[in-house]
Amino acid sequence: MLSLAKEHKNRGFTMIEMMTALIIFGILAAIGIPSFISMNNRAKLKNNFVDFSSYLLEVQRAAIRKSKSCPINLPTSEMSSPTLASPCSISNNLTLNYIKMRNNITSISFNYRGDTSTSTSTKGTIVFSLLDGTGEQKCLVISPGIGLIGTGNYDASDRTGTDPNKCYSSQ
């Protein structure tokens, strides 16, 4: 009988052990959740940026392949989750979710050689940021005439501008 009482006493966890485990779990969650959210936001920004860059290259290649001019119209003001369209795109429309896009040009057009013309005669700058306006910003600069497209990180201190000189190479 004595051996049965000892076995019953050793089963399960005490309240102090459970509370200690919960406190440790809470501390780890408090440290890890903000890092996870930040990582997730950076991934959303990067994925949308890569999608847009790929879309531009797709339209540029289509202009060369079809030997015709292929335009892309951009939002005229800062826009959240914009949708872009080009008649030359295989995938038709591109919707960029979870981001804001601002730009200093309203259209990009690729000719039969892949050269660009923009709605202005200066470098076109397109800046991507998170919807809440925090974190890093990605940028894309389009040189008029030669079809050169550069990408990078935009100056973190400028949350409203589209200056091509504030787009730094991300290499």
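The values are calculated or read from the model by the stated rules, or taken from the named source; none is laboratory data. Just so you know, these numbers come straight off a predicted model, no measurement behind them. Note: ideal-geometry Cβ built from the backbone for every residue, glycine included; neighbour counts use all protein chains shown. SASA here: full protein model, heavy atoms, side chains in, ligands and nucleic acids out. Shrake-Rupley method; radii C 1.70, N 1.55, O 1.52, S 1.80 Å.
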Look at Arg42 and say whether it is more than 30 Å from Thr134 (Cβ to Cβ) and at pLDDT below 95. no
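For the range 150-171, which residues satisfy the criterion of being part of a loop (DSSP other than H, G, I, E, B) and charged (D, E, K, R)?
Hits for the range 150-171 are Asp155, Asp158, Arg159, Asp163.
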Quick one: how many residues across the range 84-98 are touching a residue at least 12 places away in the same chain (Cβ under 8 Å) and within 11 Å of Tyr55 (Cβ to Cβ)? 10
If I ask for residues that are open to solvent by 10 Å² or more (accessible area, probe 1.4 Å) and over 21 Å from the mean Cα position of the chain (by Cα), which ones from the range 68-112 would you list? Lys68, Ser69, Pro71, Pro87, Ile90, Ser109, Asn111, Tyr112
Which one is modelled with the lowest pLDDT among residues in the range 113-149 that are open to solvent by 20 Å² or more (accessible area, probe 1.4 Å), assigned to a strand (DSSP E or B) and within 17 Å of Leu96 (Cβ to Cβ)? Ile149
Return yes when Ala29 is more than 15 Å from the chain's Cα centre (by Cα) and either free of Cβ contacts under 8 Å to residues at least 40 places away in the same chain or not in a helix (DSSP H, G or I) (or both) and no when it is not. yes
Mind checking whether some residue in the range 131-147 is of a type in the set (A, V, I, L, M) and closer than 19 Å to Ser38 by Cα? yes
Looking at (1) outside any helix (DSSP H, G or I); (2) free of Cβ contacts under 8 Å to residues at least 40 places away in the same chain, which is the one condition that is false for Arg65? (1)
Select from the range 30-67 the residues that are of a type in the set (A, V, I, L, M, F, W, C) and open to solvent by 30 Å² or more (accessible area, probe 1.4 Å) and list them in ascending order. Ala30, Ile31, Ile33, Phe36, Ile37, Met39, Ala43, Val50, Leu57, Ile64
